[in-house]
1. Computed over the Cα atoms of the chain, what is the ratio Rg over Rh, Rh following Kirkwood?
2. Helix 78-90 versus the longest principal axis of the chain: what angle, 0 to 90°, nearest 10, using Cα atoms?
3. Determine, from the Cβ-Cβ distance of residue 147 and residue 109 and an R0 of 30 Å, the FRET efficiency 1/(1 + (r/R0)^6), rounded to the nearest 0.05.
4. Could you state the angle between the C-alpha long axis of helix 46-61 and the longest principal axis of the C-alpha atoms of the chain, as a value from 0 to 90 degrees rounded to the nearest 10?
5. What distance in nm separates the two pseudo spin-label positions at residue 86 and residue 137, each 7 Å out from Cα along the beta-carbon direction?
6. What is the helix-to-structure angle for 4-41, meaning the angle in degrees between its Cα long axis and the longest Cα principal axis of the chain, kept from 0 to 90 and rounded to the nearest 10?
7. How far apart, in nanometres, would the label points at residue 4 and residue 77 be if each is projected 7 angstrom from Cα along the Cα-to-Cβ direction?
8. So what is the diffusion coefficient of the range 1-42 in µm² per second by Stokes-Einstein at 37 °C and 0.692 mPa s, using a Kirkwood Rh over Cα pairs?
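Every number here is computed from the coordinates shown, using simple stated rules; none is lab data. Predicted, not measured: the structure shown is a model, and the values here were computed from it. Cβ placement follows ideal geometry from the backbone for every residue including glycine, while neighbour counts extend to all protein chains displayed.
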């Protein structure tokens with residue numbers, strides 16, 4: 001049988017879990033609204049930003065990147081990636097080079113590696129600034145929680 005203290009603890013836990021779920025739902029709504037605003041009035045689309053982040057990350061790691069790999073990473077069609085890459089190329093952010101390993105494809109390279117990812121997506125800088133005051137343990141715990149949410153979202157409707 002549960003004691004009064006056990007019931008109070010369980011109710012407090014339920015309230016915290018409910019608060020976390022509401023916060024995640026608010027985040028999902030805010031991200032959805034941001035994506036719609038970015039499509040119309042705020043520069044590159046979310047997919048273009050994600051593609052550019054991937055291009056910079058792979059370049060930093062010294063790893064070649066093809067348009068097909070970008071399509072796979074973003075879970076979008078190769079045709080959509082072609083349009084995104086054309087706009088990034090026209091904007092002077094990327095170049096293409098021959099793929100020596102597979103002559104049927106090309107490699108995608110950033111033009112200016114001095115470009116900071118935060119310049120492409122200033123929201124990333126704000127999020128990093130918000131985490132500065134947290135302890136390492138808190139950051140790891142939050143990151144694990146968010147990764148779990150991302151996995152749940154990715155698994156939905158597959």
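1. 1.10
2. 70 degrees
3. That gives a FRET efficiency of 0.55.
4. That works out to roughly 80 degrees.
5. 5.4 nm
6. 20 degrees
7. Here the modelled spin labels are 6.5 nm apart.
8. Translational D for this selection: 260 µm²/s.
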